[in-house]
Amino acid sequence: MARGKKHKLSESYVGGNMVNEHGSKNAKTQEPAKLEAKDVYYEEDGLQRVYPYYHRFATHAKGRWVGRTIFDVFSKEFRDRTKEYYEASIEKGIIELNAQKVTKDTVVRNGDLVTHFIHRHEPPVTTEPLRIVRETEDGLLVVDKPGSIPVHPTGRYNYNTVTNILQIKHGYASLYPINRLDRLTSGLLLVGLNPAVAHRVERQLVEHKVQKEYVCKVKGEFPEGKVVCSQPIRVIAHKLALNCVDPKEGKPSETEFEKLFSEDGYSVVYCRPKTGRTHQIRVHLQFLGFPIANDPLYNNVEVWGDDMGKSGALPQTASDNKGEKEEAEEQAIERPQKMVGKCDGDQKNDAWKVLVKRMENWKDRQDMMEHINDCVGEKGPDKCDKCSNPMLPDPKPDELSIWLHAWRYSGTDWTYETPLPEWAAKAADHIERVKYCPGKESA
């Protein structure tokens, strides 16, 4: 478990403002100082970590905040932290109005700028480096992305992202990511170094002029020969990144698969998606009954039930289990900030409500286990001395990525590929027979 270390980000650098350990500003710059990798990243226990730092969140006062004290607004509108935390933060000056220190009794007025400097602890990622495959003269950057690293800032990730690593460690300035790769997926990522090349390649993707080839490792003995899955895919819950086959409301989707080899109860499979739906390969493999073996979302019996989503089977429906439906509705009332029981689009589908609720419950159990693991010992969990948040446990090695790799992309006049990952190394003897060749209808 990583410990906080004192450095430029933790007490000096906050979004272009220089701040001391009490959070008050003592200098301003027009532009944020250029960050050096040694001031942002460090490696410990086999993981790349980011020094804890303050991050500035600012917004103008909402109508319902006007006339209330700043303490009342934060303690009642933002309940993810304790009243004691907000009281201390106001006293330290890391919660302010119009760039001025306030007291807990200061009243929020119409038009006030409310600012909160939050002490952030980013999750660690793999130490495996981003590899530059190619940089073209017209400004296309081709990167081999390891699993565990998000492409751009999202959620708890900011500096431990592809775009920021490329800027801070490799010196690139403007970056325009072109294709999407999930955080847990490794492989080929296309990044424009200028808007023109990004737009050109994006158009090729939209017009289906780019052929994408992946490899994955699934449970079971995958069938011989080419297997095509054309099941429509629908987003069930955006906030949970949950997708499912839906023949009625799903968007057209098609993926070609072909087994490369099998070994020890697993198969390494070549994948060629013809469309670009979110989680398309993962959802289609689940539908076929061969989920990616270490996929925490689509190979999860706690979420999908014993059938694991094969042939579109959903967990027991609420109509079959009235208690489960009522529990979902009760949780939605008790925890309105959660997604429990709520689906995108057709919210009347009880089976999807149960699926979403099961996913929420599974995530809650993971959070609870983290808390329990943190609390082992007489003194309880280690906590940050600045924000009092518990230091979360490190991800296990098998939680950093899934066995899905973007191997090769081919456009109208270009082809780029990455080395095969270690778990698919033996596929090198088989992949030549199935890979995409221009001029042929299929690989």
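The values are calculated or read from the model by the stated rules, or taken from the named source; none is laboratory data. Small disclaimer: the values here were computed from a predicted structure and weren't measured. Every residue, glycine among them, receives a Cβ derived from its backbone with ideal geometry; neighbour counts consider all protein chains shown. Only protein heavy atoms, including side chains, enter the accessible area calculation; ligands, DNA and RNA are left aside. Shrake-Rupley method; radii C 1.70, N 1.55, O 1.52, S 1.80 Å.
Among Asn194, Leu141, Leu113, pick out the residue whose Cα is farthest towards the positive end of the charge dipole of region 103-201, where Lys and Arg carry +1 and Asp and Glu carry -1 on C-beta, about the Cα centre.
Ranked along the dipole, the leading option is Leu113.
Classify region 229-274 from the C-alpha gyration tensor, please: rounded if a/c falls under 1.5, else prolate or oblate depending on whether a/b exceeds b/c.
Here region 229-274 falls in the prolate category.
Mind running the shape call on region 219-309? Use the C-alpha gyration tensor, a ≥ b ≥ c as the square roots of the eigenvalues: rounded below 1.5 for a/c, prolate if a/b tops b/c, oblate otherwise.
Since a/c reaches 1.5 but b/c is at least a/b, the shape of region 219-309 is classed as oblate.
Sequence gap of 8 or more, or different chains, plus Cα separation below 17 Å: how many lysine pairs satisfy both in region 68-214?
For region 68-214, the number of qualifying lysine pairs is 7.
Using 0.36 nm times the number of residues separating Glu399 and Thr103, minus their current alpha carbon distance, what extension gain do you get?
Stretched fully, the Glu399-Thr103 segment lengthens by 102.2 nm.
Where the accessible area of region 34-143 is counted over protein heavy atoms with a 1.4 Å probe, how much of it, in %, is carbon and sulfur?
Heavy-atom surface of region 34-143 belonging to carbon and sulfur, 1.4 Å probe: 47 percent.
Would any residue of region 48-86 have its amide N under 15 Å from a label point 7 Å out along Cα→Cβ of Asn110? List them or say none.
Backbone N within reach: 61-68.
Could you sort 423-431, 212-220, 255-263 so that the peptide with the highest average Cβ count within 10 Å comes first and the rest follow in order?
Highest to lowest by the protection proxy: 212-220, 255-263, 423-431.
How much length is gained if the chain between Glu128 and Thr278 is pulled fully straight, taking 0.36 nm per residue apart and subtracting their Cα-Cα distance, in nm to one decimal?
Extra length from Glu128 to Thr278 when fully extended: 51.5 nm.
Using amide H atoms built 1.01 Å from N in the peptide plane, name the residues 5+ places from Tyr54, or on other chains, whose amide H lies under 5 Å from its own.
Arg120
Taking a ≥ b ≥ c as the square roots of the Cα gyration tensor eigenvalues, with a/c under 1.5 meaning rounded and otherwise prolate when a/b beats b/c, else oblate, which class fits region 117-230?
oblate
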